[in-house]
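Structure, as structure tokens:
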Amino acid sequence: MSKGKSTPLGRVRNHGAAAEGTGHFVGQRVSAIALLILATWFVLSVALTMDGPTYLAAIDFLVSPVNAVGVILLVMVALYHMRLGMGEVINDYIARPFTKVVLLLLNALVPLVIAAGALFAVLLVNFGV
Amino acid sequence: MAGATRPERPLSPHVQIWRWHVTMATSILHRVTGVGLYGGMILFCFWLMAVAAGPEAYEPVGAFLAGPIGQIGLYLIVAAFAYHLANGIRHLVFDTGNGLKPADAETSAWFAILFAVFAPLGLWALVTFGS
């Protein structure tokens with residue numbers, strides 16, 4: 001397996017696919033179908049029941065158990081879905097390996113941090129002192 | 001040289017000779033709205049944290065959202081969502097192997113665009129003038 005004599009294509013030939021594409025494909029579709037319901041519910045329910053972006057209206061909305069659970073689900077599924085999508089965009093448009101890895105890392109970690117903060121916020125509104 | 005014996009092959013796409021297709025607009029718009037909604041979702045999470053931080057911390061956030069820039073921003077996020085939703089359904093149909101004929105794909109592309117234009121308008125009218 002001397003590296004010098006073969007092309008990059010020659011080196012990967014006959015090794016088969018990385019076999020990781022299906023998980024990505026299925027995850028993206030499953031979360032898409034979940035968001036079809038969750039995000040549509042959220043937009044309509046905020047637009048039609050919340051009385052403007054005031055503090056009291058926000059608390060009123062978030063203390064309803066159905067809304068709290070819905071918002072938690074929305075945040076978790078949406079952050080998963082957008083992480084997959086943004087990963088695809090980064091892989092497609094960023095050519096420099098270093099920049100690409102940094103962006104993919106940020107894409108993996110930032111949504112996680114944001115989601116933890118958002119979920120804690122919903123819990124605090126409902127059970128905080 | 002071998003012009004006469006050369007097999008009839010399609011010429012590769014040319015950068016300057018190119019017909020505009022609505023389906024290419026829907027494809028790039030799906031990514032653009034997806035990236036926009038990524039930002040919108042992060043802002044929404046910060047909004048939740050602002051609510052949890054209490055009335056004083058929320059004050060400026062609420063004032064911004066009620067102001068013109070906040071309202072236009074919210075409208076654009078709803079419009080981006082409406083488009084991503086309609087075109088996402090289109091892609092789920094494509095995944096089943098249906099709707100891929102050029103004429104069908106173009107019709108559904110226009111439907112997605114029209115939905116993205118009129119659904120947010122309708123919702124805005126309902127919220128503003130309804131009840």
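General remarks:
- Filter pass, B:LEU76 being closer than 17 Å to B:ALA116 by Cβ, more than 9 Å from chain A (Cβ to nearest Cβ) and within 17 Å of the chain's Cα centre (by Cα): yes
- Output for the stretch A:41-99, where each listed residue is more than 23 Å from A:PRO111 (Cβ to Cβ), away from chain B (no Cβ under 11 Å) and loosely packed, with under 12 Cβ neighbours inside 10 Å: A:PRO65, A:VAL66, A:ALA95
- Extreme residue, farthest from the chain's Cα centre (by Cα), among residues of the stretch B:88-121 that are among the small types (Gly, Ala, Ser), surrounded by 11 or more Cβ atoms within 10 Å (Cβ to Cβ) and assigned to a helix (DSSP H, G or I): B:ALA105
- Filter result (in contact (Cβ under 8 Å) with a residue 60 or more places away in the chain and within 12 Å of chain A (Cβ to nearest Cβ)) within the stretch B:82-131: B:ASN87, B:ARG90, B:HIS91
- Screening A:GLY27, A:GLY117 for residues that are within 30 Å of B:THR96 (Cα to Cα), out of contact with any strand residue (DSSP E or B) (no Cβ under 7 Å at 6 or more places or on another chain) and in a helix (DSSP H, G or I) leaves exactly one candidate, A:GLY27.
Any read-out appearing in this document is the output of simple, stated calculations on the displayed coordinates, not a laboratory observation. All values reported here derive from a predicted model rather than from experimental measurement. Counting neighbours? That spans all protein chains shown, and the Cβs are built from the backbone with ideal geometry, glycine included.
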